[in-house]
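The values are calculated or read from the model by the stated rules, or taken from the named source; none is laboratory data. Note that the coordinates shown come from a computational prediction; the quantities given were computed from them, not determined experimentally. Using ideal geometry, Cβ is built from the backbone for each residue, glycine included, and neighbour counts are taken over all protein chains shown. Accessible surface is based on the protein model in full, side chains and every heavy atom, while ligands, DNA and RNA are left aside. Shrake-Rupley method; radii C 1.70, N 1.55, O 1.52, S 1.80 Å.
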Amino acid sequence: MLAENSPKTVNNKFRNFPMVPKVVFGQGSFNQLLDILAEHKKENAPFIYLVDDVFEGNTSLINRISLRFNDKLIFISAAEEPKTSQVDELVKNIKAEFKNSPSGIIGIGGGTVMDLAKAVSIMLANEGSAADYQGWDIVKNKAIYHVGIPTISGTGAEVSRTTVLTGPTRKLGINSDYTPFDQVILDPDLAQGVPKNQWFYTGMDCFIHCVESLNGTFLNAFSQSYGEKAYDLCLEIFLGNTLSEEESRAKLMMASWHGGMSIAYSQVGVCHAMSYGLSYVLGTKHGVGNCIVFQYLDEFYPKYVAIFKEMALKNDVEIPKGVCENISEEQLEMMVHIAMGMVPLWENALGADWQSIITPSKLKKLYRKM
């Protein structure tokens with residue numbers, strides 16, 4: 001009775017976060033997909049597969065999906081960051097084609113496809129546009145069943161409770177308890193053949209997750225335990241000399257998982273906030289955007305910027321320069337506006353008084369260096 005008459009408050013001190021309830025790990029585990037999906041199949045309700053279009057024509061992978069009945073496969077371009085309009089279009093087309101709500105959404109690809117699969121599964125169960133749900137804990141209805149199968153490692157999208165989308169006015173995640181996948185399949189074999197630069201950029205997304213989590217004001221033992229493990233794995237993968245390619249794929253897959261978990265009870269920081277601004281205005285992909293930004297953040301993460309540069313040198317990866325060389329003042333203002341809007345990220349990085357440290361003029365100077 002007391003609870004019934006008490007004002008409703010959000011318990012920000014102890015968050016009851018969901019985790020991915022089921023995960024399969026191991027070489028060849030992708031072959032278990034059909035068995036895993038079988039118990040979730042509903043009558044006359046298709047499974048919708050969102051697959052990175054890098055696999056279009058790759059019969060060795062596509063034939064293993066084995067579409068059945070009215071299942072549908074949709075190839076997704078990862079050339080651009082996922083957008084709310086893209087989610088809305090996919091949901092509209094699925095609803096138009098199928099009378100019954102799908103049995104589930106299966107995302108096969110990198111962070112872009114993971115985020116789209118999560119967002120589409122949410123929007124098939126909620127009204128309106130995906131843009132209406134950008135923010136924290138806005139989603140009302142449970143997403144339909146959704147499965148994540150990463151084919152590149154580092155983003156942590158396979159385990160996180162957010163799906164980061166570029167909307168009409170901002171780049172921001174749908175952060176909710178309904179976002180995480182119901183099932184994840186981690187098969188290191190699927191990450192074979194990833195181009196070296198892309199492998200490095202997404203791997204550094206994981207490294208930067210760890211740095212920002214471990215050095216943030218929100219840090220606690222939960223986040224620290226995951227972040228430290230992912231950080232150590234990144235050092236072994238990108239600075240060590242003892243791992244085979246097979247071992248590196250498996251360890252980076254686990255680093256990605258742990259790196260994603262490290263921010264579940266924490267947050268990212270300066271690099272991600274600024275990277276969002278870069279991505280919104282210039283369309284820069286998330287992984288490389290983080291790399292572009294991070295190399296200029298000596299003031300905030302001096303030790304780790306030096307390690308990052310050592311990793312890039314050792315792996316013979318050149319980080320793009322001059323990306324902001326010809327931007328207009330209007331574009332610069334928008335970058336700053338997007339970055340400054342990422343309040344939880346700044347609070348984690350610099351504390352509650354972050355606005356006394358970070359100003360629009362300071363951000364402009366940093367962006368101009370890029």
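Cα-based count: Lys pairs in the stretch 73-155 below 15 Å, eight or more positions apart or different chains?
Summing the qualifying lysine pairs gives 4.
Heavy-atom accessible area per residue, the chain, 1.4 Å probe: how many Å²? It would help to have the intermediate numbers written out before the result.
On the way: 16690 Å² over 370 residues.
Computed with neighbouring chains in place, this is 45 Å² per residue.
In nanometres, what is the gap between the two model label sites at residue 79 and residue 235, each 7 Å from Cα along Cα-to-Cβ?
Here the modelled spin labels are 4.1 nm apart.
Under 10 Å, Cα contacts only: if you run a Gaussian network model on the chain, which one of 135, 227, 148 comes out with the highest mean-square fluctuation?
The residue that fluctuates most here is 135.
Determine the gain in length on full extension of the stretch residue 220-residue 189; use 0.36 nm per residue of separation and subtract their C-alpha separation, reporting nm with one decimal.
7.8 nm
For the stretch 102-154, calculate the relative contact order in percent as a whole number, restricting contacts to Cα pairs under 8 Å that are 6 or more residues apart.
For the stretch 102-154, the relative contact order is 54 percent.
Between residue 129 and residue 313, what FRET efficiency comes out of the Förster formula 1/(1 + (r/R0)^6) with R0 = 51 Å and r the beta carbon distance, rounded to 0.05?
0.70
What number, in percent, do you get for the relative contact order of the stretch 230-370 if the mean sequence gap of Cα pairs under 8 Å and at least 6 apart is divided by its residue count?
For the stretch 230-370, the relative contact order is 30 percent.
With all protein chains present, how much of the accessible area of the chain (probe radius 1.4 Å) comes from carbon and sulfur, to the nearest whole percent? Walk me through the numbers on the way to the answer.
On the way: 8500 of 16690 Å².
Accessible surface attributable to carbon and sulfur in the chain totals 51 percent.
Given 0.36 nm per residue, what is the gain on full extension from residue 35 to residue 352 after removing their alpha carbon distance, in nm?
Numbers: separation 317, 0.36 × 317 = 114.12 nm, distance 4.86 nm.
Full extension of this stretch gives 109.3 nm more.
Loop only by DSSP, 15 or fewer other Cβ within 10 Å of the Cβ. Give me the GluC sites (Glu not before Pro) in the stretch 278-347 that pass, ordered by residue number.
Passing sites in the stretch 278-347 are 299, 318, 325.
Ignoring ligands, DNA and RNA, how do 257, 199, 136 rank by accessible area with a 1.4 Å probe, largest first?
136, 199, 257
Mean Kyte-Doolittle of at least 1.6 plus a Cα span of 30 Å or more along the axis: flag which DSSP H helices in the chain meet both, please.
Values: long enough: none.
None pass (Cα extent of 30 Å or more, hydropathy at least 1.6).
If ligands, DNA and RNA are left out, what is the accessible area of residue 127 with a 1.4 Å probe, given in Å² to the nearest 10?
Rounded to the nearest 10, the figure is 140 Å².
Of the residues 172, 243, 233, which exhibits the maximal mean-square fluctuation in a Gaussian network model of the chain defined by a 10 Å Cα contact cut-off?
Largest GNM mean-square fluctuation: 243.
Given the options 208, 174, 65, state which has the largest fluctuation in a GNM of the chain using a 10 Å cut-off (strictly under) for Cα springs.
Between 208, 174, 65, it is 65 that shows the largest mean-square fluctuation.
Relative to the present Cα-Cα distance, how much length would full extension add between residue 321 and residue 362 at 0.36 nm per residue of separation?
In short, 12.8 nm is gained.
Applying 1/(1 + (r/R0)^6) with R0 = 25 Å to the Cβ-Cβ distance of residue 247 and residue 196, what FRET efficiency is obtained, to the nearest 0.05? Spell out each step's value before the answer.
Numbers: r = 17 Å, r/R0 = 0.67.
For residue 247 and residue 196, the calculated efficiency is 0.90.
Once the Cβ-Cβ distance between residue 337 and residue 72 is put in as r, and R0 is 35 Å, what FRET efficiency do you end up with, to the nearest 0.05?
Working: r = 39 Å, r/R0 = 1.10.
The pair residue 337/residue 72 has a calculated efficiency of 0.35.
Below 8 Å, C-alpha to C-alpha, sequence gap of six or more: please give me the relative contact order for the chain in percent.
Worked out over the chain, it gives 15 percent.
Can you list residues from other chains, or at least 5 along the same chain, whose modelled amide H is less than 5 Å from the amide H of residue 23?
184
Over all directions, average the projected area of the Cα convex hull of the stretch 223-359 and note it in nm².
Mean projected area of the Cα convex hull: 9.0 nm².
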